[in-house]
Amino acid sequence: MLETDGIRCIKGVGEKAEKNYHKLGIYQIGDLLHYYPRSYDIYQPIQPVEQMAEGRVMVVEVSLAAQPKVAYAGKLKILNCQMRDSSGTLLVVWYNMPYLLRSLKMGQRYILRGKIIRRGSRLQMQQPKILKREEYVNLLYKLQPIYPLTAGITNQAIVKAVRQALQETDLSGDFIPLEIRKECDLILHKKAIQDIHFPENEKAFYRARKRLVFEEFFLFALALQQMKQNRQKMQSSYVLQPGDKVEQLLESLPFTLTEGQKEAWMDIRHDLQSGYVMNRLVQGDVGSGKTIVAILALLTVAEQGHQGAIMAPTEVLAKQHYETFCELLEPLGIRVGCLTGAMTAREKKQVQQSLMDHEIDIVVGTHALIQEKVHYADLALVVTDEQHRFGVKQREGFFTKGQEPHMLVMSATPIPRTLAIILYGDLDISVIHGLPQGRLPIQNCVVGTDFRPQSYRFMEKEVGKGHQVYVICPMVEESENMEAENVVDYAASLRAALSPSTRIEILHGRMRSEEKNEIMERFGRGEIDVLVSTTVIEVGINVPNATVMMVENAERFGLAQLHQLRGRVGRGSAQSYCIFMMGNPSKETKERLQVLEESNDGFYVSEKDLSLRGPGDLFGIRQSGALDFKLADIYQDADILKQANEMAAKFTKPQVLELCKKYKGLREKLENYGGDIFL
Ligand code: ADP
Ligand code: MG
């Protein structure tokens, strides 16, 4: 079996299963091998019954204390068993497993593994698995992978498929040279792939993870460094001076630029006049006012008779930008167009034609802007907003459209300087520090779950004032399906807790994108009071009327991500609030979350995130939002990032080419990051 073989090579994968695998982004055997577990289940030692606690998954060794009883709840057949060990008794409940009634025998001991839940005032073990002794001994301490799933694929199916792929694929080639492996203490690629799926113990997991994280960073750094060499001093035919219209716009604004905005704008002006292609990243916290800076740059280009494009990561954001742009630029005689994936084929065609005929000066859009049919008459500047949603390769898509347009990237993910230099090694960086004056700083509080009733009252009060609320739901590990269920359940309990007139809606990753857009738009129009959501709202809408953000299980998120979530409120003139609810209030958690109470400055938070980062987390909470790494997290793995970057710097271009010749597939991986690196 080859890594490039289709997923149908796996036993039992037919046409239908194949489609489901495609939904997970798994097309080839290689994709499957790199489809990493999202967490692991660990079989712990047997515990005495008396140690049971709500929510805990535990293993007990018990025998029947009385004959099992069957009860019915509608069609549901419930088997209740009193069981005991020497420390106490335990109620065990199975649903719809009538054959157990016959097979469970008095006097026999059973090893059970299941979750302890609360029913009324009593604890009980629900639907446990009965384990044979040998089976259990075999599983003890081992980490069982839990994969992200989609409807129609079970965890067990993926486990089986991965096992077969591991057995039948040759993974012996290792593109990281021996010296580097030695110096950085890395295990072999093959071993790492095996162990990330089926680690013998935690130590094996950490070693596998380290190797694979290194690998991701190393490839990324290698691609970036090659690209940087290509890019150095690329001449530009677009030498552009800001003119009268830029002055007019600045004068017409109801505010003056902040110092941070002025500095970023100066950097950009300088680049545009320099005679070289601009490659600049503007970093600034949410709300720091990056849009106007982009508008100034685009206006400069349009004023000189060329075209500019700005690409947003979502339809909603693109629409919002489009409105802002029209409002500010049309009075100056600039022709603004819009191109998004949601438009009809006819509408798209029209806009594409206008772009070719240069009837549009500035186009605002989504990914649709880089799809193949789009040709520009004279594209001089491309701005991408919220860069982390675009891979480097997608950015490169623009370069073939005109003659090397200037590139400006806007990012709201504040990244510590030391890391930014590596991650954006091919870009010059401007930072917009601070927010425009006159905004009320967000008030933050970090609380335990006992504060939940009070927070609900507080939400009601804000809704009563006509404001809106976001609730970020607790996360679940098992699957995206469960995440959806979870949001639904949570919304139901919230409906019960809040006054019936409160309009509560939900948003989660399983919804179709039209559904999501609709909910977001309705929220934007103020037709929804409380939006219960997973983190899908992280990058999205600007709803100045939303004043409360409540995050359940805040301890499960990285500080940087929490800061991003917080950025959804505090966008209007009213006082905004952020409630971070700790499901598990340990001392470390409190200390970490208090950083958010201390400061609303994203750069401060991200520096702290870096210094407080814990060891690798088994549940792999990643999502710093910056760039698209599968396993690696720039905060948690900052040391590995630095090391991988240093190692990659040792390679000259001929050496990289040599490496690519030797290892099949490596070139493609690098090009995924780097586009034209081998020109
Ligand atoms: P972001 O950096 O998150 O993209 P935006 O560009 O959307 O922020 O700006 C947020 C809001 O602040 C907008 O309503 C914008 O008009 C306003 N704004 C931008 N710059 C200033 C300024 N210098 N003074 C006051 N308000 C500003
Ligand atoms: Mg923005």
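The values are calculated or read from the model by the stated rules, or taken from the named source; none is laboratory data. Everything quoted here is computed from the prediction, not taken from an experiment. Please note: Cβ atoms are built from the backbone with ideal geometry, for glycine as well, and neighbour counts cover all protein chains shown. When the accessible area is computed, the model is the full protein with side chains, heavy atoms only, and any ligands, DNA or RNA have been set aside. Shrake-Rupley method; radii C 1.70, N 1.55, O 1.52, S 1.80 Å.
Of note:
- Cleavage-rule hits (chymotrypsin sites (Phe, Trp or Tyr not before Pro)) in region 89-173: DSSP loop, at most 13 neighbouring Cβ within 10 angstrom: Y141
- Magnitude of the charge dipole, region 79-218, Cβ model with Lys/Arg +1 and Asp/Glu -1, debye to 20: 1060
- With every protein chain in place, region 51-119: carbon and sulfur % of accessible area (1.4 Å): 51
- Taking every protein chain into account, the accessible area of region 542-607 amounts to 33 square angstrom per residue (probe 1.4 Å).
- Loop-located chymotrypsin sites (Phe, Trp or Tyr not before Pro) in region 236-265 whose Cβ has at most 15 other Cβ within 10 Å (DSSP): F255
- Using the 1.4 Å probe convention, the accessible area of region 12-121 works out to 54 Å² per residue with neighbouring protein chains retained.
- Using a cutoff of 8 angstrom between alpha carbon atoms and counting only pairs six or more residues apart, the relative contact order for region 223-370 works out to 24 percent.
- Listed peptides 460-467, 266-273, 556-563 by packing density, highest first (mean Cβ within 10 Å): 556-563, 266-273, 460-467
- Think of it as helices only: each DSSP H run of n ≥ 4 in the chain is worth -39500 (n - 2.57), and spread over all residues that comes to -12000 deg cm²/dmol at 222 nm.
- From phi via Karplus (6.51, -1.76, 1.60), per-residue ³J(HN,Hα) for region 93-102 in Hz, x at Gly/Pro: 10, 10, 10, 6, 10, x, 5, 5, 3, 7
- Rounded to whole Hz, the Karplus (6.51, -1.76, 1.60) HN-Hα couplings of region 244-258, x for glycine and proline: 4, 5, 4, 4, 4, 4, 4, 5, 7, 5, x, 9, 9, 5, 6
- The listed peptides 641-647, 450-456, ordered by packing as a protection proxy, come out as 641-647, 450-456 (highest mean of other Cβ atoms within 10 Å first).
- Sequence-distant residues sharing a close amide H with S236 (under 5 Å, placed H): Y276, V277
- What the phi angles of region 338-353 give under the Karplus curve with 6.51, -1.76 and 1.60, with θ = phi - 60°, is a coupling list of 9, 9, 9, x, 7, 6, 6, 4, 5, 4, 4, 4, 4, 5, 4, 4 Hz, glycine and proline written as x.
- Proximal lysines to K348, defined as alpha-carbon separation beneath 24 angstrom and excluding residues fewer than eight positions away on the same chain: K319, K373, K393, K401, K516
- Cβ crowding within 10 Å averaged over residues, with 202-211, 325-334, 291-300 ranked highest first: 291-300, 202-211, 325-334
- Inverse mean reciprocal Cα-Cα distance (Kirkwood Rh) of the chain, Å: 27.9
- Nearest 10 degrees, 0 to 90: helix 259-273 Cα axis against the chain principal axis: 60
- Here region 632-677 exposes an accessible surface that is 50 percent carbon and sulfur, computed with a 1.4 Å probe and the other protein chains kept in place.
- Relative contact order computed over the chain (Cα-Cα under 8 Å; 6+ residues apart), in percent: 14
- Sequence-distant residues sharing a close amide H with Q468 (under 5 Å, placed H): A546, T547, V548
- Where region 321-376 is the region considered: accessible area per residue in Å², 1.4 Å probe: 52
- Loop-located trypsin sites (Lys or Arg not before Pro) across region 54-111 with a Cβ neighbour count of 12 or fewer within 10 Å are K75, K105, with loop assigned by DSSP.
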